[in-house]
Amino acid sequence: MFSALILVAGCSLNDDGNNDFVIQFIPIEEVTTPQYVTPGQTYPITMYYRKPNDCYYVSEEPYYEIWGSTRTVAIQAILLERATCNTIDYTAPESKTINFVCPLTAERNILFKFFKGNDAQGNQQYIEVTVPVQQ
């Protein structure tokens with residue numbers, strides 16, 4: 001469905017240079033991570049978020065970047081522009097779980113940085129969680 005939405009929105013007959021959608025990150029409010037990890041093992045990591053309105057369509061796969069022992073994670077969504085959007089009344093946040101496979105070569109802590117939004121100056125802010133590697 002996500003791919004079809006991109007295809008349909010990307011093939012607009014409107015040739016004014018404006019897209020009908022943009023890709024944005026949705027702030028993560030809270031995360032659940034393992035207390036420790038062991039090389040070669042797989043662990044669930046759950047992220048909790050709230051879409052600003054119903055014009056956001058969350059991607060199946062989150063943004064995931066590896067830099068040494070740091071993992072940066074964000075919830076990606078397509079925001080439909082020029083659409084009528086409705087607020088969402090949440091009783092609890094939505095969640096997305098990823099499976100983290102601890103690298104066989106991991107020898108030190110893994111630092112996870114979960115995107116939690118931008119500050120007043122537009123700087124990206126993160127929930128940082130350090131997970132120890134047990135041998």
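The values are calculated or read from the model by the stated rules, or taken from the named source; none is laboratory data. In this text the structure is predicted, and so the values were computed from the model without any measurement. Quick reminder, even Gly has a Cβ in these numbers, built from the backbone with ideal geometry, and neighbours come from all protein chains shown. In case anyone asks, the SASA skips ligands and DNA or RNA and just uses the protein heavy atoms, side chains included. Shrake-Rupley method; radii C 1.70, N 1.55, O 1.52, S 1.80 Å.
At-a-glance table
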| quantity | calculated |
| --- | --- |
| Cα gyration tensor shape of the chain, rounded if a/c is under 1.5, else prolate or oblate by comparing a/b with b/c | prolate |
| Proximal charge balance of residue 96 [Cβ under 14 Å; K/R count +1, D/E count -1] | -3 |
| Sum of -39500 (n - 2.57) over DSSP H runs of 4+, divided by residues of the chain (222 nm, nearest 500) | -2000 deg cm²/dmol |
| Accessible area (Å², 1.4 Å probe, nearest 10) - residue 104 | 140 |
| Listed peptides 90-98, 49-57 by packing density, highest first (mean Cβ within 10 Å) | 49-57, 90-98 |
| Size of charge dipole - the chain - debye, nearest 20, with Cβ of Lys, Arg +1 and Asp, Glu -1, no other charges | 440 |
| Extreme residue, positive dipole direction of the range 81-135, given options 86, 102, 112 (C-beta unit charges) | 102 |
| Cross-link reach list, aspartates and glutamates versus residue 96, counting only Cα pairs under 18 Å and skipping chain neighbours closer than eight places | 29, 30, 54, 60, 61, 65, 128 |
| Solvent accessible area, Å² - residue 61, 1.4 Å probe, full protein context | 130 |
